[in-house]
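A.B. asks: Here it is: the structure, laid out below.
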Amino acid sequence: MFSHIFESAEGISGFGIAALLIFFSIFVIVIIRTIRMDKDHVKKMGNLPLESNQANGNNGEH
């Protein structure tokens, strides 16, 4: 049933190729950006949840 719908739609294969290219492009950009990220910044951001509130100037008050 579905194969008949897709066969009758002209030019639908172009959308599949475009979607694949968009996905692959975004994936590659994220990988490159992750590799180039500053390691010290990553460590600092990773330790934020572990730091005490007093180090940030909060005394546990909201």
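A.B. asks: When you go through (1) at pLDDT 85 or above; (2) surrounded by fewer than 10 Cβ atoms within 10 Å (Cβ to Cβ) one by one for I29, which number turns out not to apply?
C.D. replies: That leaves (2) as the condition not met.
A.B. asks: Of the residues that sit in the stretch 39-62 and are modelled with pLDDT of 60 or more and part of a loop (DSSP other than H, G, I, E, B), which one is surrounded by the fewest Cβ atoms within 10 Å (Cβ to Cβ)?
C.D. replies: Across the stretch 39-62, the extreme among qualifying residues is S52.
The values are calculated or read from the model by the stated rules, or taken from the named source; none is laboratory data. All figures in this text were calculated on a predicted structure; none of them were measured in a lab. No Cβ is skipped: glycine too gets one built from the backbone with ideal geometry, and neighbour counts run over all protein chains shown.
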